[in-house]
Amino acid sequence: MDPTKPALSPAGAGFDTRCVHAAQAPDAATGAVVQPLYLATTFERDADGGYPRGFRYAREGTPNRSALEACVADLEGGIAAVAFASGLAANLAILEQLSSGDRVVAARECYHGTHRQLREIVARRGVTVEFIDATDPSELARAIDARTRLVWLESPANPLLSVTDLARASALAHAHGALVVCDSTFATPYCQRPFDSSVDVVIHSGTKYFGGHSDVMSGLVVIRADRGLAARVLEWQSLAGAVLAPFDCWLLRRSIGTLGLRMQRQCANALELAEWLAHHPGVERTLYPGLPQHPGHDIARRQMTGGFGAMISVCVRGDQARAMDIARRTRLFRRATSLGGLESLVEHRASIEGPHSRTPHNLLRLSIGIENARDLREDLAQAIG
Ligand SMILES: *Cc1c(COP(=O)(O)O)cnc(C)c1O
């Protein structure tokens, strides 16, 4: 196969098939079944000065990055994906499209790094940012008007796992000509396809489930249909230079092969644990979109067709000291930030978010891994006591 023209997966193929085959075909030169790693930073010109193989200089594009981007665009169902060195760099590629005087409506509940970018970088440039409760359609309807250029959503959102009705939010935003962005990191395209709800741009921190092994930092912007926007984001990628390095692209593409398998197991583990935690006397509140008592459950059932994700937040009965004590006592659950890896993690969220945090102090966020569900349950049982 010509590495500049990676084959897309067969039309209509299922998610797991596309995880394995999208933009992945034997290497034309060697027959290698998976794409080799190309570390070159520069590519040869033809005698006539052209670049018939499509690559010129690695900041602008590399074979491993192009293949990864084609694969992610295929999985999400968009026209283009653009890979960055982190999730926050991917965010900025979109936020950099704003100009002074523009107005942004953003979900108040979102990744704290995104919140900080909006408050500290975007707002400083003369862009007005209004934070709202995006799960409340009346707040969305009130906040979005003709001056709104961008609506920033995250669903399920960090750290309360709130669910936003993406189709409804998109319809409101589009009625006023605003662009709709959804950070779909917690869901992955296995659980939800925001483009089916007319969202314009999907963002992923690839560091989480796409990477899946807690060893690659990366970010992805995926664009549904707007070719002009795709060209501007690609231009930004090349000029800002926060590109994803070849080996990281290669690792990410390798990890995507098992994305469906991992998500299937992690979602099943999470649902089982959430149902158990919801009845535990040491737990005040279990937040998981798959539980019928979750306020966003009905929307999640419609919107998250593949599963409810593998993130659970629990408010323990007691205060911060009690929550920290439970985190200290876990044996399988590792005390660490981040999510989406094979290993389960527990995190006291308020203390990592810092002074601006609105997260309840008795909240522990759990990233559920692929381990045996009974082992995970027993670990939490002995830790909660
Ligand atoms: C981790 C995370 C980010 C930021 O991604 P990085 O790869 O850490 O830059 C953005 N959004 C969500 C929902 C995340 O969990």
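Where a number appears in this text, it was derived from the coordinates with a stated rule and is not lab data. What you see is a predicted model, and the numbers here were worked out from it, not measured in a lab. Cβ placement follows ideal geometry from the backbone for every residue including glycine, while neighbour counts extend to all protein chains displayed.
Values computed for the structure shown
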| quantity | calculated |
| --- | --- |
| Length released on extending from His279 to Leu332, taking residue separation times 0.36 nm less the Cα-Cα span | 17.0 nm |
| Label-reachable residues, the range 305-325, where backbone N falls under 11 Å from a point 7 Å from Arg377's Cα toward its Cβ | none |
| Most mobile of Val181, Val283, Val221 in a GNM of the chain (Cα contacts under 10 Å) | Val283 |
| Derived scalar couplings ³J(HN,Hα) [the range 166-181; Karplus, 6.51 cos²θ - 1.76 cosθ + 1.60; whole Hz; x for Gly, Pro] | 5, 5, 5, 4, 5, 4, 4, 5, 5, 4, 10, x, 8, 7, 10, 10 |
| Cβ-defined net charge surrounding Ala83, 13 Å radius [Lys, Arg +1; Asp, Glu -1] | -1 |
| Helix 246-256 vs. the chain, principal-axis angle (Cα, 0 to 90°, nearest 10) | 60 |
| Taking the convex hull of Cα positions in the chain, its mean projected area over all directions (nm²) | 19.5 |
| Structure-based [θ]222 nm, the chain - -39500 (n - 2.57) summed over DSSP H runs of at least 4, per residue, nearest 500 | -10000 deg cm²/dmol |
| Calculated FRET value between Ala321 and Thr17, using beta carbons and R₀ = 51 Å, to 0.05 | 0.55 |
| Rounded to 10°, Cα long-axis angle of helix 373-384 versus longest principal axis of the chain | 50 |
| Spacing of the two label points (7 Å from each Cα toward its C-beta) at Leu261 and Thr128, in nm | 5.2 |
| Charge dipole (the chain, unit charges on Cβ, about Cα centre) - positive-most of Ala81, His361, Leu342 | His361 |
| Cα gyration tensor shape of the range 57-189, rounded if a/c is under 1.5, else prolate or oblate by comparing a/b with b/c | prolate |
| Degrees between helix 227-240 axis and first principal axis of the chain (Cα, 0 to 90, nearest 10) | 90 |
| Over the range 15-256, relative contact order from alpha-carbon pairs under 8 Å, at least 6 apart, % | 24 |
| GNM top mover of Ala29, Ala327, Ala85 - the chain, alpha-carbon springs below 10 Å | Ala29 |
| Neighbourhood charge, 15 Å Cβ-Cβ cut-off, centred on Asp298 and excluding it, Lys, Arg +1 and Asp, Glu -1 | +1 |
| The chain: most fluctuating residue of Trp236, Trp152, Trp276 per GNM, C-alpha cutoff 10 Å | Trp276 |
| Net charge of Cβ neighbours under 11 Å - reference Val34; Lys, Arg +1; Asp, Glu -1 | +1 |
| Given charges at beta-carbon only (K, R positive; D, E negative), |dipole| of the range 15-256 in Debye | 320 |
| Mean separation of Cα contacts under 8 Å (6+ apart) over length of the range 1-118, as relative contact order % | 21 |
